[in-house]
Each structure stands twice: as C-alpha cells, then as structure tokens.
Amino acid sequence: MHFTPKIVLTAIMLPGAAAFAPYSSSSRRASPLSATTVEPPTREAPGAGYVPAWEDRPGKPQDEFLKSDLSQEDLSEMWECPLTRWDSDGINVRQAQREAAKMPKCPKELRATKADNSQGIAYFTKNRNRIRQDLLKHGAVWLRGFELMQDVSGFRSMHEALGLEACLDPLHSSGLRKFASERDALYEEVNKPSLRQHYIGLHCESTTKRTAAYAAFVCFQKATEGGGRFLVADGAAILAEMDTKVLERLYDRKIRISVSNLDIPPALPGFVKEGIKGLVDAAVAPKFDMDLEMVYEADGKPGRLQAIELAESPINRHPVTGLPVWFNNAHNHARKLRDRRPCGVPEVGMTEVFYADTLEPLSLEDCQEIKRASEKHITALSMEPGDVLLVDNYRALHGRDVFQGDRFHAVSWFTWDDKPEWRGDERRILEKNAMNKVINQMMDWLPKDFESNQS
C-alpha cells in the first residue's frame, strides 16, 4: 500500500493534535511489571500528611466572581514563560538531604483577621516584602480567609500589589490550559467535569524547557458535592525524606518523561511508521514549545509512538537560594502510580517516567518510594472562596484531589519580576493560541463522567 505524505499527515493531525497534548517522551522491551501483571492493580486514593478542616465560608456566584474590571490594563500580551533554570550538576545527595531537612514548614498559613480584611488591597501593599520573603523561605504561603480575592479583579489587585508579573503557562500551547479571564492573565485550573475523578499528582509547572517562577492559585468556588482539595508539598522535605539509595540512583541515571501517546497499527511497514514519526516531529511537536523526541514502543506497547522529553535531573538547585530540592513531575506522571489511584484521562494522555540511561520505565519499587516520600509531606488544603496559595514553583510541588459536583479554581503564573535577564524579553506569541483553543474545545466535548480504561 502506498501512503502519500498528505494522507499520513491528515491521519496524524486530526487525532494526533489531541493525542500529543501533554497532560498540567527503536523498540524497547516492556517493564517486568507490565509483563507479569494479569489483573489490573487496585486503585486507592493517595494519602496526605496534613488535612486541615473545611470552614464552609460563602463565596460569590459565578457571574460575579468572573467579572473583570475593564478599567484595569489588558494583560493578554503577557510575558512568555521563562526558560527553565537548571543547576543540577555536582550535587552531593547525602549533603543535600541534610541541608533540605533544615527548611521550615511548607506552606506557611497567613489567616486574615477582621482588621486585615477591612484594609483590602492596602494590606498587601503594606505587607508586600514580608509575604515575598515568606514565600522564598517556606516555598508556599496560604492566604486564608481574605475577602478581597473572592473575584477576579480583587485577586488580580492582590498579586499586582505583591509586585508579581504575569506570564504564560509553560504548557499554554498544548491546548490544556484554558483562560478563565484572558485579559487578567488568569487560567482556569483543571475543573473540567470530565476530569473530576482524575487525581492530579504532585508536579512543578515546568518542562525541561520552560518553568514559571511563581504561581497564585485561587478558589472562587469549592467543589459543590465534596472533595477537590488542593495539594501542596515541599520539594525540600521530599528530598530530605526519600531513601538515599533510591535518590542517588535517580540522580545518577536521570529521568525522562513521556507526555503523550499515539497508537499506530503495529503491522504498518517500517518506512510508513518512520514517515509518521517524522511528520509528527515536524508538524505537531513544535506547536507544544517543548523539547521532545518521538520514540516507538518505549513502554512496551506495539505501535505506540510516544513524545518524550529530554533527560533531566530529578534534583535541582533553587535559582535564588541555591538549595537542592526535589524538582520533577514523577509523582504525577509515573504510570505505575497512575494505575494505582483514581485516574480519568484518555489513553492518549497517559504518561510515563523512564530512566534516562536505558529508557526503561521506573521500577515499581522506586515509584513506591517516590509515592511514600511525597505523600507524607502533602498538605491537602481546604481552600474556600477567596483563599489563595502563593507558590514558589522551584521549591514547592502542587496537585489536586478528585471531586464531585462543580468546582472553580484558577491560577496565574508569574515570571522573574526582579531579574529581567532571567525573564527574557519575549511576550506572548499569539500564533500559539490557535492550537490551545482547538484542543480545549476537543476536551470540552468529552462526556461529563468520562472514565478511561487503562487496564
């Protein structure tokens, strides 16, 4: 059978645009676990180290909390997400663990008093330096009970008073990042009903190429029928906690993360499969602004083409403090962890984490240690309307528990406001937005209670 480039490209671009949308990288043998497992593993809800109680504070209706203040400047041409700042060579793992263990608790809770709320935006203007210092020291600050941030305009006024400068999400062009208010540089979090039964594991908002410096997550409406806690954990605490031998092995071997799959009939001739691979590499992957390699069957499934990020260290020094921290997304992306907890993404969006030196999936034992060390230090926040979590994206990792009903959280990402040489001079590239909108529409078409079958 003869395949013209046009036919092959058409076959890729329609399903492949969604297939290679990363989910928030020669043929290889399957991992020992996948080769021996007959029954699918039992799914269990992950744990958390601290679970604060709900307070059931009221909020505003959606037509009010999403109302933008048109007198404020339009931020839609925000900064591009800055390039990832890697400083991971020559780390002594044991010494790094001792240093990380000295860090204070993350997050720091800052609860509003009646007097604080009466000040409105003036509170954040007056306390800007202290809050920014706490963010650097603790890795995250939970602003709890502030009435100002119960709507879009108040939330924006808060982070502008703190001197934060908005930027694009590092995965903006993937299509999985939908604006809640574009002119306010505010993204909707993963509130889609089709993904409410999907547990989002701990991750930094980063790729090997781009990483936001800071984030501000806001709750406008907590889940109406329960669940939906926002998760945060200290990368320093996870580093200090993890078994040293496992940590040294991961650091020495490095990791690679596959961000999506495209399943192609394995019986296709080799030259056709290589042609598809080349077309995807040339036509689709660049739209996601990531450094990806297209690899066949890395996870052992015949015919599967995976988009895999380049090798990265699981430990990185913080760009400002120099502190070595656990800086990677393995807890979120490892298939052996996803298959053992609530997961509701399509198979095309199922991810995997590999040892970089052999491109074999992480062992179950290493995944279990990542899970243990990470979840021990999770704070499962009871965020309510107006609550904000400020996050140092190079220090703290975040995630989200499953939920029922409707939920509306949002987030703004920020670049380096005090280091223009790190920020760069790139502004938003509008051509990226076409793919973003197309894929978001495709995701919105999924049934509200969509569940994937990964067994």
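Here, each number is a calculation from the coordinates, and none is a lab measurement. Here the structure is a predicted model, which means the values were calculated and not measured. Positions of Cβ are backbone-derived with ideal geometry, glycine not excepted, and every protein chain shown enters the neighbour counts.
Key figures for this structure:
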quantity	calculated
Partner aspartates and glutamates for LYS419 [C-alpha distance under 20 Å; skip if fewer than 8 residues away on the same chain]	GLU77, GLU80, ASP87, ASP134, GLU160, GLU165, ASP169, GLU205, ASP392
Cα principal axis extents for segment 38-118, largest first, Å	52, 43, 37
Contour excess over end-to-end distance, with Cα ends at LYS137 and ASP63 and 0.36 nm allotted per residue	22.9 nm
Alpha carbon convex hull of segment 163-286, volume per residue in cubic angstrom	204
Distant-in-sequence amide H partners of GLU426 (H built 1.01 Å from N, under 5 Å)	GLU80
Semi-axes of the equivalent ellipsoid for segment 184-249, Cα gyration tensor, largest first, Å	28, 17, 12
Coil-residue GluC sites (Glu not before Pro) of segment 219-285, DSSP, other Cβ within 10 Å capped at 12	GLU225
q = 0.16, 0.17, 0.22 Å⁻¹: log10 I(q)/I(0) that the Debye formula gives for segment 233-341, counting C-alpha atoms only	-0.85, -0.91, -1.20
Stretch gain in nm, segment LYS245-LYS102, where the contour uses 0.36 nm per residue and the Cα spacing is subtracted	49.5 nm
Under Karplus coefficients 6.51, -1.76 and 1.60, residue-wise ³J(HN,Hα) of segment 273-279 in Hz, glycine/proline x	4, 5, x, 4, 4, x, 5
Under 14 Å from the Cα of LYS376 - aspartates and glutamates, other chains or at least 8 residues apart	ASP234, GLU241, ASP243
Pairwise centroid distance, computed over Cα atoms, of segment 362-383 with segment 52-89, Å	26
Karplus-derived 3J(HN,Hα), 6.51/-1.76/1.60, for each residue of segment 134-143, Hz, glycine and proline x	5, 4, 5, 6, 9, x, 6, 10, 9, 8
23 Å Cα cut-off, lysine pairs counted over segment 145-257 (separation 8 or more, or different chains)	6
ILE315 long-range amide H proximity, modeled H, under 5 Å	PHE327
Protection proxy ranking, peptides 141-149, 361-369, average beta carbon neighbours within 10 Å, highest first	141-149, 361-369
